[in-house]
Amino acid sequence: MTDKIEFQPILLGSDINVYGMARSFHEEYGIRSLAIGKGVLGPCTASSIVSVEVVEPNLEDDEVFVKTLLNFSEKFHREHPGDCKLLLVPCGDNYIKLLVRNQEKLRGTYEFECIDEPLLMRLSMKESFYEVCTEHGFSFPKTTTCSYEDHESIELPFDFPVIIKPSNSVAYWNCRFPHKKKVFVAQNREEFEKILTAIYSSSYHDHLILQEYIPGDDSNMRVMNCYCGRDKKVKLIALGNALLEEHSPEGIGSYAAIINGFDEKLNEQMKTFLEDIGYIGFANFDMKYDSRDGTYKLFEMNLRQGRSSFFVTAAGYNLAKWLVDDVIYHKELPCTVATNQVLWTIIPKKIIFEYVQDEKLKAQARKLVKEKKVCDSYYYKGDRSLKRWIHFQKNQLHYFEKYKRYFGNKGLRD
(Lines give C-alpha, C1' and ligand atoms only; values in the text may rest on other atoms or scores of the structure.)
Protein backbone atom coordinates (compact mmCIF):
# COMPACT_ATOMS: atom_id res chain seq x y z
CA MET A 1 0.00 0.00 0.00
CA THR A 2 1.38 3.43 -0.94
CA ASP A 3 2.14 5.94 1.82
CA LYS A 4 -0.26 8.64 0.68
CA ILE A 5 -3.58 7.75 -0.89
CA GLU A 6 -6.88 9.63 -1.02
CA PHE A 7 -8.98 6.54 -0.45
CA GLN A 8 -8.57 2.94 0.65
CA PRO A 9 -10.86 0.23 -0.76
CA ILE A 10 -12.35 -1.96 1.99
CA LEU A 11 -13.91 -5.03 0.37
CA LEU A 12 -16.39 -7.26 2.19
CA GLY A 13 -15.76 -10.94 1.47
CA SER A 14 -12.86 -12.96 0.04
CA ASP A 15 -14.23 -14.79 -3.02
CA ILE A 16 -13.53 -14.36 -6.75
CA ASN A 17 -15.85 -11.32 -6.80
CA VAL A 18 -13.70 -9.64 -4.16
CA TYR A 19 -10.56 -10.50 -6.11
CA GLY A 20 -12.07 -9.08 -9.30
CA MET A 21 -12.82 -5.79 -7.56
CA ALA A 22 -9.35 -5.73 -5.98
CA ARG A 23 -7.85 -6.26 -9.42
CA SER A 24 -9.99 -3.44 -10.81
CA PHE A 25 -8.71 -1.07 -8.11
CA HIS A 26 -5.12 -2.17 -8.66
CA GLU A 27 -5.26 -1.84 -12.45
CA GLU A 28 -6.77 1.65 -12.26
CA TYR A 29 -5.07 3.17 -9.21
CA GLY A 30 -2.19 0.87 -8.23
CA ILE A 31 -3.84 0.44 -4.82
CA ARG A 32 -3.81 -2.70 -2.69
CA SER A 33 -7.31 -3.40 -1.34
CA LEU A 34 -8.05 -4.51 2.19
CA ALA A 35 -10.78 -7.07 2.89
CA ILE A 36 -12.95 -8.10 5.81
CA GLY A 37 -14.74 -11.42 5.71
CA LYS A 38 -15.90 -14.60 7.44
CA GLY A 39 -12.83 -16.45 6.20
CA VAL A 40 -10.04 -16.40 3.62
CA LEU A 41 -10.97 -18.12 0.36
CA GLY A 42 -8.63 -19.24 -2.41
CA PRO A 43 -8.81 -16.21 -4.71
CA CYS A 44 -7.54 -13.85 -1.99
CA THR A 45 -4.82 -16.18 -0.69
CA ALA A 46 -1.15 -15.16 -1.12
CA SER A 47 -2.15 -12.02 -3.01
CA SER A 48 -0.18 -8.78 -3.24
CA ILE A 49 -3.21 -6.75 -4.40
CA VAL A 50 -5.69 -7.69 -1.65
CA SER A 51 -5.14 -8.57 1.98
CA VAL A 52 -7.83 -10.07 4.22
CA GLU A 53 -7.20 -7.97 7.32
CA VAL A 54 -10.04 -9.22 9.53
CA VAL A 55 -11.58 -12.68 9.72
CA GLU A 56 -14.81 -12.71 11.74
CA PRO A 57 -16.90 -15.91 11.50
CA ASN A 58 -19.94 -14.10 12.98
CA LEU A 59 -19.77 -11.17 10.57
CA GLU A 60 -23.35 -11.78 9.38
CA ASP A 61 -24.66 -10.76 12.82
CA ASP A 62 -25.69 -7.09 12.58
CA GLU A 63 -24.14 -6.07 15.89
CA VAL A 64 -20.89 -7.90 15.13
CA PHE A 65 -20.83 -6.44 11.61
CA VAL A 66 -21.07 -2.84 12.84
CA LYS A 67 -18.62 -3.34 15.70
CA THR A 68 -16.07 -5.04 13.42
CA LEU A 69 -16.19 -2.26 10.84
CA LEU A 70 -16.00 0.54 13.41
CA ASN A 71 -13.09 -1.14 15.18
CA PHE A 72 -11.28 -1.64 11.89
CA SER A 73 -11.72 2.01 10.92
CA GLU A 74 -10.34 3.17 14.26
CA LYS A 75 -7.31 0.88 13.92
CA PHE A 76 -6.67 1.91 10.31
CA HIS A 77 -6.69 5.64 11.03
CA ARG A 78 -4.50 5.12 14.08
CA GLU A 79 -1.91 3.34 11.94
CA HIS A 80 -2.35 5.63 8.91
CA PRO A 81 -2.93 9.19 10.17
CA GLY A 82 -4.35 11.60 7.61
CA ASP A 83 -7.43 12.20 5.51
CA CYS A 84 -7.58 8.85 3.71
CA LYS A 85 -11.20 7.87 3.08
CA LEU A 86 -12.34 4.28 3.56
CA LEU A 87 -14.38 3.21 0.52
CA LEU A 88 -16.65 0.34 1.58
CA VAL A 89 -17.50 -2.19 -1.17
CA PRO A 90 -19.84 -5.10 -0.30
CA CYS A 91 -19.24 -8.07 -2.62
CA GLY A 92 -21.96 -10.53 -1.59
CA ASP A 93 -25.72 -10.69 -1.03
CA ASN A 94 -25.34 -10.98 2.73
CA TYR A 95 -22.93 -8.05 2.91
CA ILE A 96 -25.12 -5.67 0.91
CA LYS A 97 -28.06 -6.52 3.19
CA LEU A 98 -25.95 -5.90 6.28
CA LEU A 99 -24.75 -2.58 4.92
CA VAL A 100 -28.24 -1.40 3.97
CA ARG A 101 -29.65 -2.33 7.38
CA ASN A 102 -26.82 -0.61 9.24
CA GLN A 103 -25.95 2.24 6.90
CA GLU A 104 -26.74 5.05 9.34
CA LYS A 105 -24.33 3.59 11.91
CA LEU A 106 -21.49 3.55 9.36
CA ARG A 107 -21.99 6.86 7.54
CA GLY A 108 -19.23 9.32 8.32
CA THR A 109 -16.86 6.46 9.06
CA TYR A 110 -16.96 4.84 5.61
CA GLU A 111 -17.67 6.19 2.14
CA PHE A 112 -20.47 4.35 0.34
CA GLU A 113 -23.85 4.83 -1.30
CA CYS A 114 -26.70 2.33 -1.18
CA ILE A 115 -30.47 1.97 -1.43
CA ASP A 116 -32.85 1.94 1.54
CA GLU A 117 -34.15 -1.19 3.25
CA PRO A 118 -37.71 -1.20 1.80
CA LEU A 119 -36.32 -1.20 -1.76
CA LEU A 120 -33.75 -3.84 -0.86
CA MET A 121 -36.49 -6.15 0.44
CA ARG A 122 -38.60 -5.62 -2.69
CA LEU A 123 -35.72 -6.49 -4.98
CA SER A 124 -33.90 -9.21 -3.02
CA MET A 125 -36.86 -11.52 -2.40
CA LYS A 126 -37.67 -13.22 -5.67
CA GLU A 127 -41.46 -13.20 -5.26
CA SER A 128 -41.60 -9.43 -4.85
CA PHE A 129 -38.91 -8.94 -7.49
CA TYR A 130 -41.17 -10.58 -10.08
CA GLU A 131 -43.94 -8.19 -9.06
CA VAL A 132 -41.55 -5.33 -9.85
CA CYS A 133 -40.72 -6.98 -13.19
CA THR A 134 -44.40 -7.11 -14.08
CA GLU A 135 -44.82 -3.44 -13.21
CA HIS A 136 -41.97 -2.50 -15.55
CA GLY A 137 -42.75 -4.77 -18.49
CA PHE A 138 -40.02 -7.38 -18.09
CA SER A 139 -40.70 -10.95 -19.14
CA PHE A 140 -39.78 -13.73 -16.76
CA PRO A 141 -40.34 -17.48 -16.68
CA LYS A 142 -43.74 -18.75 -15.57
CA THR A 143 -43.27 -18.85 -11.84
CA THR A 144 -44.92 -20.05 -8.67
CA THR A 145 -43.72 -20.70 -5.15
CA CYS A 146 -44.09 -23.30 -2.48
CA SER A 147 -43.59 -23.14 1.27
CA TYR A 148 -42.44 -25.50 3.97
CA GLU A 149 -46.12 -25.93 4.93
CA ASP A 150 -47.57 -26.69 1.48
CA HIS A 151 -44.71 -28.24 -0.52
CA GLU A 152 -46.15 -31.76 -0.33
CA SER A 153 -49.41 -30.76 -2.02
CA ILE A 154 -48.24 -28.10 -4.48
CA GLU A 155 -49.80 -28.25 -7.96
CA LEU A 156 -47.72 -26.79 -10.78
CA PRO A 157 -49.32 -24.49 -13.38
CA PHE A 158 -46.74 -25.51 -16.03
CA ASP A 159 -45.08 -28.66 -17.32
CA PHE A 160 -41.77 -30.30 -16.50
CA PRO A 161 -38.81 -29.73 -16.52
CA VAL A 162 -39.06 -27.40 -13.51
CA ILE A 163 -36.37 -25.20 -11.98
CA ILE A 164 -36.21 -25.17 -8.17
CA LYS A 165 -34.27 -22.46 -6.33
CA PRO A 166 -34.43 -20.65 -2.98
CA SER A 167 -36.23 -17.38 -2.47
CA ASN A 168 -33.87 -16.51 0.38
CA SER A 169 -30.38 -17.12 -1.00
CA VAL A 170 -28.59 -16.18 2.22
CA ALA A 171 -30.60 -18.67 4.33
CA TYR A 172 -30.10 -21.35 1.67
CA TRP A 173 -26.35 -20.77 1.58
CA ASN A 174 -26.22 -21.60 5.30
CA CYS A 175 -28.25 -24.83 5.13
CA ARG A 176 -26.88 -28.34 4.56
CA PHE A 177 -28.33 -31.53 3.04
CA PRO A 178 -27.05 -34.40 0.85
CA HIS A 179 -26.54 -33.61 -2.86
CA LYS A 180 -27.22 -29.91 -2.27
CA LYS A 181 -27.01 -27.76 -5.40
CA LYS A 182 -27.32 -24.03 -5.91
CA VAL A 183 -30.18 -24.66 -8.38
CA PHE A 184 -32.06 -27.86 -9.20
CA VAL A 185 -33.88 -28.94 -12.36
CA ALA A 186 -36.52 -31.63 -11.85
CA GLN A 187 -37.36 -33.64 -14.98
CA ASN A 188 -40.54 -35.22 -13.58
CA ARG A 189 -42.90 -35.24 -10.58
CA GLU A 190 -41.05 -37.99 -8.71
CA GLU A 191 -37.74 -36.16 -8.92
CA PHE A 192 -39.48 -32.89 -8.02
CA GLU A 193 -40.92 -34.32 -4.80
CA LYS A 194 -37.59 -35.86 -3.76
CA ILE A 195 -35.78 -32.55 -4.21
CA LEU A 196 -38.36 -30.60 -2.18
CA THR A 197 -38.25 -33.18 0.60
CA ALA A 198 -34.45 -33.01 0.73
CA ILE A 199 -34.39 -29.21 0.89
CA TYR A 200 -37.05 -28.92 3.57
CA SER A 201 -35.37 -31.64 5.64
CA SER A 202 -32.58 -29.12 6.19
CA SER A 203 -32.64 -25.86 8.16
CA TYR A 204 -34.03 -24.04 5.13
CA HIS A 205 -37.76 -23.39 5.73
CA ASP A 206 -38.30 -20.28 3.58
CA HIS A 207 -40.13 -20.27 0.25
CA LEU A 208 -38.84 -21.96 -2.88
CA ILE A 209 -39.17 -20.48 -6.36
CA LEU A 210 -40.55 -22.93 -8.93
CA GLN A 211 -40.14 -21.97 -12.59
CA GLU A 212 -40.70 -23.31 -16.05
CA TYR A 213 -37.50 -24.32 -17.79
CA ILE A 214 -36.60 -22.04 -20.69
CA PRO A 215 -35.21 -24.19 -23.52
CA GLY A 216 -31.62 -23.79 -24.63
CA ASP A 217 -28.14 -24.40 -23.28
CA ASP A 218 -25.82 -22.12 -21.32
CA SER A 219 -25.12 -19.94 -24.37
CA ASN A 220 -28.69 -18.62 -24.20
CA MET A 221 -27.90 -16.99 -20.85
CA ARG A 222 -27.21 -13.26 -20.63
CA VAL A 223 -25.82 -11.18 -17.79
CA MET A 224 -26.15 -7.41 -17.51
CA ASN A 225 -24.10 -5.26 -15.16
CA CYS A 226 -25.03 -1.67 -14.39
CA TYR A 227 -23.82 1.09 -12.12
CA CYS A 228 -26.21 3.76 -10.86
CA GLY A 229 -24.84 6.92 -9.29
CA ARG A 230 -25.72 8.89 -6.17
CA ASP A 231 -28.14 10.89 -8.31
CA LYS A 232 -30.04 7.62 -9.12
CA LYS A 233 -29.10 7.83 -12.80
CA VAL A 234 -27.54 4.94 -14.73
CA LYS A 235 -23.85 5.56 -15.45
CA LEU A 236 -22.71 2.24 -16.95
CA ILE A 237 -24.44 -0.60 -18.83
CA ALA A 238 -22.62 -3.76 -19.93
CA LEU A 239 -24.22 -6.88 -21.41
CA GLY A 240 -22.53 -10.27 -21.48
CA ASN A 241 -23.35 -13.38 -23.53
CA ALA A 242 -22.53 -16.52 -21.57
CA LEU A 243 -20.68 -19.33 -23.29
CA LEU A 244 -20.68 -21.70 -20.32
CA GLU A 245 -21.86 -21.74 -16.75
CA GLU A 246 -20.26 -23.68 -13.93
CA HIS A 247 -21.79 -27.11 -13.38
CA SER A 248 -20.49 -28.09 -9.93
CA PRO A 249 -23.19 -28.32 -7.21
CA GLU A 250 -22.20 -25.03 -5.57
CA GLY A 251 -21.53 -23.26 -8.86
CA ILE A 252 -24.64 -23.98 -10.98
CA GLY A 253 -25.89 -20.77 -12.52
CA SER A 254 -22.56 -18.95 -12.08
CA TYR A 255 -20.91 -17.90 -15.32
CA ALA A 256 -17.61 -19.48 -16.32
CA ALA A 257 -17.01 -17.85 -19.71
CA ILE A 258 -18.54 -14.71 -21.27
CA ILE A 259 -18.19 -12.60 -24.42
CA ASN A 260 -19.47 -9.03 -24.23
CA GLY A 261 -22.71 -8.38 -26.11
CA PHE A 262 -24.96 -5.47 -27.05
CA ASP A 263 -28.73 -5.00 -27.27
CA GLU A 264 -29.95 -1.43 -27.60
CA LYS A 265 -33.58 -2.17 -26.75
CA LEU A 266 -32.62 -4.12 -23.63
CA ASN A 267 -30.18 -1.37 -22.59
CA GLU A 268 -32.90 1.27 -22.74
CA GLN A 269 -35.42 -0.92 -20.92
CA MET A 270 -32.96 -1.60 -18.09
CA LYS A 271 -31.93 2.05 -17.83
CA THR A 272 -35.56 3.14 -17.53
CA PHE A 273 -36.29 0.46 -14.95
CA LEU A 274 -33.35 1.31 -12.67
CA GLU A 275 -34.01 5.04 -12.81
CA ASP A 276 -37.74 4.58 -12.21
CA ILE A 277 -37.14 2.62 -8.99
CA GLY A 278 -34.44 5.06 -7.81
CA TYR A 279 -31.65 2.50 -7.67
CA ILE A 280 -28.11 3.30 -6.41
CA GLY A 281 -24.94 1.23 -6.78
CA PHE A 282 -24.02 -1.88 -8.75
CA ALA A 283 -26.75 -4.13 -10.16
CA ASN A 284 -26.33 -7.51 -11.80
CA PHE A 285 -29.13 -9.18 -13.81
CA ASP A 286 -29.39 -12.82 -14.92
CA MET A 287 -31.65 -13.61 -17.86
CA LYS A 288 -32.10 -16.14 -20.65
CA TYR A 289 -32.99 -15.63 -24.29
CA ASP A 290 -36.17 -17.52 -25.15
CA SER A 291 -36.12 -18.48 -28.82
CA ARG A 292 -39.84 -19.37 -28.66
CA ASP A 293 -40.90 -15.71 -28.55
CA GLY A 294 -37.65 -13.79 -29.05
CA THR A 295 -37.64 -12.23 -25.56
CA TYR A 296 -35.26 -12.21 -22.63
CA LYS A 297 -36.69 -13.90 -19.55
CA LEU A 298 -35.36 -12.22 -16.41
CA PHE A 299 -34.38 -14.61 -13.60
CA GLU A 300 -33.02 -12.40 -10.85
CA MET A 301 -31.35 -9.16 -9.87
CA ASN A 302 -28.29 -9.14 -7.63
CA LEU A 303 -27.88 -5.89 -5.70
CA ARG A 304 -24.12 -5.83 -6.26
CA GLN A 305 -21.54 -6.58 -8.89
CA GLY A 306 -21.47 -10.30 -9.74
CA ARG A 307 -18.64 -12.82 -9.48
CA SER A 308 -18.31 -12.63 -13.28
CA SER A 309 -18.51 -8.83 -13.43
CA PHE A 310 -14.79 -8.51 -14.10
CA PHE A 311 -15.70 -9.12 -17.75
CA VAL A 312 -16.73 -5.44 -17.76
CA THR A 313 -13.35 -4.24 -16.47
CA ALA A 314 -11.60 -6.63 -18.85
CA ALA A 315 -13.36 -5.00 -21.81
CA GLY A 316 -12.05 -1.58 -20.81
CA TYR A 317 -14.78 -0.29 -18.48
CA ASN A 318 -13.13 -0.44 -15.08
CA LEU A 319 -15.80 -0.97 -12.41
CA ALA A 320 -13.66 0.58 -9.68
CA LYS A 321 -13.29 3.81 -11.67
CA TRP A 322 -17.05 4.32 -11.97
CA LEU A 323 -17.48 3.71 -8.26
CA VAL A 324 -14.63 6.03 -7.23
CA ASP A 325 -15.57 8.82 -9.63
CA ASP A 326 -19.10 8.79 -8.23
CA VAL A 327 -18.66 8.13 -4.48
CA ILE A 328 -15.25 9.65 -3.79
CA TYR A 329 -14.87 12.42 -6.37
CA HIS A 330 -18.57 13.21 -6.95
CA LYS A 331 -18.04 13.58 -10.68
CA GLU A 332 -20.90 14.18 -13.10
CA LEU A 333 -20.91 11.02 -15.18
CA PRO A 334 -22.77 10.40 -18.44
CA CYS A 335 -24.31 7.02 -19.23
CA THR A 336 -21.73 4.77 -20.91
CA VAL A 337 -22.81 1.66 -22.82
CA ALA A 338 -20.09 -0.98 -23.15
CA THR A 339 -19.39 -2.06 -26.73
CA ASN A 340 -15.83 -3.48 -26.60
CA GLN A 341 -15.49 -7.25 -26.78
CA VAL A 342 -13.27 -9.64 -24.83
CA LEU A 343 -13.40 -13.33 -23.92
CA TRP A 344 -13.62 -13.46 -20.13
CA THR A 345 -13.12 -16.85 -18.50
CA ILE A 346 -12.33 -18.54 -15.20
CA ILE A 347 -11.94 -21.96 -16.87
CA PRO A 348 -9.33 -23.35 -19.29
CA LYS A 349 -9.95 -22.42 -22.93
CA LYS A 350 -9.92 -26.12 -23.84
CA ILE A 351 -13.10 -26.65 -21.79
CA ILE A 352 -14.82 -23.80 -23.64
CA PHE A 353 -14.15 -25.35 -27.03
CA GLU A 354 -15.08 -28.85 -25.84
CA TYR A 355 -18.40 -28.05 -24.12
CA VAL A 356 -19.85 -25.02 -25.94
CA GLN A 357 -22.28 -26.23 -28.63
CA ASP A 358 -22.91 -22.97 -30.49
CA GLU A 359 -20.44 -22.91 -33.40
CA LYS A 360 -20.90 -19.19 -34.01
CA LEU A 361 -19.96 -18.42 -30.41
CA LYS A 362 -16.97 -20.75 -30.60
CA ALA A 363 -15.81 -18.93 -33.73
CA GLN A 364 -16.12 -15.61 -31.88
CA ALA A 365 -14.11 -17.03 -28.99
CA ARG A 366 -11.38 -18.32 -31.31
CA LYS A 367 -11.15 -14.92 -32.98
CA LEU A 368 -10.76 -13.15 -29.63
CA VAL A 369 -8.13 -15.68 -28.54
CA LYS A 370 -6.21 -15.07 -31.76
CA GLU A 371 -6.42 -11.31 -31.14
CA LYS A 372 -5.18 -11.88 -27.56
CA LYS A 373 -8.40 -10.38 -26.17
CA VAL A 374 -8.74 -12.97 -23.41
CA CYS A 375 -8.88 -12.40 -19.66
CA ASP A 376 -9.03 -14.72 -16.65
CA SER A 377 -10.04 -12.90 -13.44
CA TYR A 378 -7.79 -15.10 -11.35
CA TYR A 379 -4.64 -14.86 -13.48
CA TYR A 380 -3.13 -11.37 -13.14
CA LYS A 381 0.43 -10.43 -14.11
CA GLY A 382 0.38 -7.74 -11.43
CA ASP A 383 -0.11 -10.37 -8.71
CA ARG A 384 2.40 -13.13 -9.28
CA SER A 385 3.92 -15.48 -6.75
CA LEU A 386 4.84 -19.15 -6.73
CA LYS A 387 2.04 -19.95 -4.27
CA ARG A 388 -0.58 -18.19 -6.40
CA TRP A 389 0.70 -19.86 -9.56
CA ILE A 390 0.44 -23.30 -7.99
CA HIS A 391 -3.04 -22.52 -6.64
CA PHE A 392 -4.12 -21.24 -10.09
CA GLN A 393 -2.85 -24.37 -11.84
CA LYS A 394 -4.68 -26.63 -9.36
CA ASN A 395 -7.83 -24.54 -9.79
CA GLN A 396 -7.71 -24.93 -13.56
CA LEU A 397 -7.04 -28.67 -13.43
CA HIS A 398 -10.01 -29.18 -11.07
CA TYR A 399 -12.32 -27.68 -13.70
CA PHE A 400 -11.60 -30.57 -16.09
CA GLU A 401 -12.72 -32.99 -13.37
CA LYS A 402 -15.77 -30.90 -12.46
CA TYR A 403 -17.08 -30.63 -16.04
CA LYS A 404 -16.48 -34.32 -16.70
CA ARG A 405 -18.31 -35.28 -13.50
CA TYR A 406 -21.11 -32.72 -13.26
CA PHE A 407 -21.84 -31.30 -16.72
CA GLY A 408 -25.63 -31.32 -17.20
CA ASN A 409 -26.30 -32.76 -13.72
CA LYS A 410 -28.86 -30.59 -11.95
CA GLY A 411 -30.67 -33.35 -10.13
CA LEU A 412 -30.55 -34.83 -6.61
CA ARG A 413 -27.38 -36.87 -7.19
CA ASP A 414 -23.63 -36.44 -7.38
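The values are calculated or read from the model by the stated rules, or taken from the named source; none is laboratory data. Owing to the predicted nature of the structure, the values given are computational and were not obtained by experimental measurement. Counting neighbours? That spans all protein chains shown, and the Cβs are built from the backbone with ideal geometry, glycine included.
In the stretch 37-53 there is no residue that is acidic (Asp, Glu), within 22 Å of the chain's Cα centre (by Cα) and not assigned by TED's automatic domain parsing to the domain that holds Phe392. For the residues Arg222, Arg230, the requirement of being modelled with pLDDT of 95 or more, part of a loop (DSSP other than H, G, I, E, B) and on the phi < 0 side of the Ramachandran plot singles out Arg230. Before we move on, is Leu59 assigned by TED's automatic domain parsing to the domain that holds Ser33, buried (at least 16 other Cβ atoms within 10 Å of the Cβ) and farther than 30 Å from Gln269 by Cα? It is true that Leu59 is assigned by TED's automatic domain parsing to the domain that holds Ser33, buried (at least 16 other Cβ atoms within 10 Å of the Cβ) and farther than 30 Å from Gln269 by Cα.
A single member of Gly316, Gly294 is surrounded by fewer than 21 Cβ atoms within 10 Å (Cβ to Cβ), without any contact (Cβ under 8 Å) to a residue 24 or more places away in the chain, not assigned by TED's automatic domain parsing to the domain that holds Leu208 and not hydrophobic (A, V, I, L, M, F, W, C), and it is Gly294.
Could we say that Arg189 is surrounded by fewer than 17 Cβ atoms within 10 Å (Cβ to Cβ) and modelled with pLDDT of 95 or more here? Even if it seems obvious, please write down each step before you answer.
Values: surrounded by fewer than 17 Cβ atoms within 10 Å (Cβ to Cβ): yes; modelled with pLDDT of 95 or more: yes.
In short, yes.
Take Glu191 and decide whether it is acidic (Asp, Glu) and in a loop (DSSP other than H, G, I, E, B). When the stated conditions are applied, Glu191 does not pass them. Only one of the numbered conditions (1) touching a helix residue (DSSP H, G or I) at 6+ places or on another chain (Cβ under 7 Å); (2) under 28 Å from Tyr289 (Cα atoms) is not met by Asp206, and that is (2).
The set of residues in the stretch 263-279 being more than 13 Å from Leu239 (Cα to Cα), out of contact with any Lys or Arg (no Cβ under 7 Å at 6 or more places or on another chain) and surrounded by fewer than 15 Cβ atoms within 10 Å (Cβ to Cβ) consists of Thr272, Asp276. Of the listed requirements (1) in a loop (DSSP other than H, G, I, E, B); (2) within 16 Å of Pro215 (Cβ to Cβ), Arg307 misses just one: (2).
If we scan the stretch 208-215, do we find a residue that is aliphatic (A, V, I, L, M), part of a loop (DSSP other than H, G, I, E, B) and either closer than 24 Å to Lys182 by Cα or free of Cβ contacts under 8 Å to residues at least 40 places away in the same chain (or both)? Yes, the conditions are met somewhere in the stretch 208-215. Contact map, the stretch 336-365: first residue more than 22 Å from Tyr399 (Cβ to Cβ) and among the hydroxyl-bearing types (Ser, Thr, Tyr), second residue at pLDDT 95 or above and crowded, with 17+ Cβ neighbours inside 10 Å, Cβ cut-off under 7 Å, separation 6 or more or different chains; pairs are Thr336/Lys235; Thr336/Leu236; Thr336/Tyr317.
The lone criterion from (1) under 17 Å from the mean Cα position of the chain (by Cα); (2) closer than 21 Å to Asp383 by Cα; (3) modelled with pLDDT under 95 left unmet by Leu12 is number (3). Residues in the stretch 85-114 that are exposed (fewer than 15 other Cβ atoms within 10 Å of the Cβ) and of a type outside the set (D, E, K, R): Gly108 alone.
Residue-by-condition table, conditions (1) touching a strand residue (DSSP E or B) at 6+ places or on another chain (Cβ under 9 Å); (2) closer than 26 Å to Ala257 by Cβ; (3) not aromatic (Phe, Trp, Tyr):
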| residue | (1), (2), (3) |
| --- | --- |
| Pro43 | yes, yes, yes |
| Val66 | no, no, yes |
| Leu70 | no, no, yes |
| Glu74 | no, no, yes |
| Leu87 | yes, no, yes |
| Asn102 | no, no, yes |
| Arg107 | no, no, yes |
| Glu113 | yes, no, yes |
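Inside the stretch 200-213, residues that are more than 29 Å from Asp116 (Cβ to Cβ), surrounded by fewer than 23 Cβ atoms within 10 Å (Cβ to Cβ) and not hydroxyl-bearing (Ser, Thr, Tyr) make up a count of 1. So for the stretch 216-224 (the condition being out of contact with any Leu (no Cβ under 9 Å at 6 or more places or on another chain) and farther than 24 Å from Lys142 by Cβ), does at least one residue qualify? No, the stretch 216-224 contains no residue that is out of contact with any Leu (no Cβ under 9 Å at 6 or more places or on another chain) and farther than 24 Å from Lys142 by Cβ.
When residues of the stretch 246-260 are filtered for being at pLDDT 95 or above and either surrounded by fewer than 19 Cβ atoms within 10 Å (Cβ to Cβ) or of a type in the set (Val, Ile, Thr) (or both), how many remain? Walk me through how you get there before you give the answer.
Taking the stretch 246-260 first, the residues at pLDDT 95 or above are 255-260.
Checking which are either surrounded by fewer than 19 Cβ atoms within 10 Å (Cβ to Cβ) or of a type in the set (Val, Ile, Thr) (or both) leaves us with 258-259.
Summing the residues that are at pLDDT 95 or above and either surrounded by fewer than 19 Cβ atoms within 10 Å (Cβ to Cβ) or of a type in the set (Val, Ile, Thr) (or both) in the stretch 246-260 gives 2.
None of Tyr227, Tyr130 is buried (at least 20 other Cβ atoms within 10 Å of the Cβ) and touching a helix residue (DSSP H, G or I) at 6+ places or on another chain (Cβ under 6 Å) except Tyr227.
When Trp173 is tested against (1) of a type in the set (Phe, Trp, Tyr); (2) assigned by TED's automatic domain parsing to the domain that holds Phe158; (3) surrounded by 17 or more Cβ atoms within 10 Å (Cβ to Cβ); (4) within 19 Å of the chain's Cα centre (by Cα), exactly one condition is not met: (3).
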